[in-house]
Structure formats: C-alpha cells, structure tokens
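Novice: Pasting a structure below so you can have a look.
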Amino acid sequence: MASPPVEVMAPTTAEASWFCCGPAFGPCGTAGGGACGTCRSASLHCAWPNTSDACFDITRPDRCGDDLLRRTCGHQFFVKHLCGTTEIAVTVRDCGPQTDLWCGEQRCCSGNCATNRLIDFTPAAFTRFGSLSAGIIPVTIRS
C-alpha cells in the first residue's frame, strides 16, 4: 500500500534558538529525551512547534500569524543560516519552541531578517552555524 503524499512546506524564514536534551554534552547537563524520547544534544536534532495537538496547544505559532504544517518525530528539515552558505539537515526530536512568547521578535544579519522563533536546535546543530553565545540566529527552513 502506498504512503499518502507528504505536504511540501515552502521555504520560510524564522529565528532559531538552541536547547538541551538527552545525555550531557557541551554546555548541557543531562536532560530528558524530548517529546519523541530520542533527542540528543550531541546530534543534529531540532524541536518543531507543531509535532502534535498537545505540542501546538503549548507553542501556539498561530498567535504570531504562522500557519505551520504538522511535522512529527523523525521528520527532516533542511536549514540554512541567512548569513552564510552552510545548510544542514536536522531531525525533529522534540516539541518547541514556545513561539507565542516571542511574536514579532526579529533577528537580522547583512540586511537579511527573520521574525518569530519557529525552530530550536540542539547544541550540535546550532554550532554548525556559529557560536552558542549568539543565542538566536535567522534561518531559512525547508522541508
């Protein structure tokens, strides 16, 4: 039996932050495995605000005007820092960030701007783009 078609998400710009999950790694102490139970700070993992109804009820990206497709555990995104050429693949392993806390927040570099936090990276993923001390970076996300 064939799988149903996957809805394609058009590339979108957004802010990205970082979080800790799983065994201790770098600046992270031991933390839970995220909503999927398999999140690891040392891996190229991410959190997405629409992984389930329960997740969406917490993160509420719609309150910031963002209509996001449901992407569940194991989905892969391709993400590029707006200030560089590096693109990486990250896998959804958690729910987050709580987008509605930062509606309208904006990060720019070289005139390229992104608004609203729509994705969180593990430290291993975030450091592919730069230092964790940056805290938040503007990115393009495609599915």
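The values are calculated or read from the model by the stated rules, or taken from the named source; none is laboratory data. Everything numeric here is computed off the predicted structure, so don't read it as measured data. Note: ideal-geometry Cβ built from the backbone for every residue, glycine included; neighbour counts use all protein chains shown. SASA here: full protein model, heavy atoms, side chains in, ligands and nucleic acids out. Shrake-Rupley method; radii C 1.70, N 1.55, O 1.52, S 1.80 Å.
Novice: Given the conditions (1) within 23 Å of PHE56 (Cα to Cα); (2) open to solvent by less than 40 Å² (accessible area, probe 1.4 Å), which single one is not true for GLN98?
Specialist: It fails just one condition, (2).
Novice: What's the number of the condition ALA24 fails, among (1) under 29 Å from CYS113 (Cα atoms); (2) more than 13 Å from the chain's Cα centre (by Cα); (3) open to solvent by 60 Å² or more (accessible area, probe 1.4 Å)?
Specialist: ALA24 satisfies every listed condition except (1).
Novice: Here's another thing I want to ask about it. Just to be sure I understand, how many residues within segment 102-126 are open to solvent by 10 Å² or more (accessible area, probe 1.4 Å), touching a helix residue (DSSP H, G or I) at 6+ places or on another chain (Cβ under 7 Å) and closer than 19 Å to PHE25 by Cβ?
Specialist: Total meeting the criteria: 0.
Novice: Checking VAL90 against (1) open to solvent by 30 Å² or more (accessible area, probe 1.4 Å); (2) in contact with a strand residue (DSSP E or B) (Cβ under 6 Å, 6 or more places away or on another chain); (3) among the β-branched types (Val, Ile, Thr), which test does it fail?
Specialist: (1)
Novice: Now for a different question. For residues that are in contact with a His (Cβ under 6 Å, 6 or more places away or on another chain) and more than 22 Å from ASN50 (Cα to Cα), tally how many sit in segment 85-138.
Specialist: Adding up the residues that qualify gives 1.
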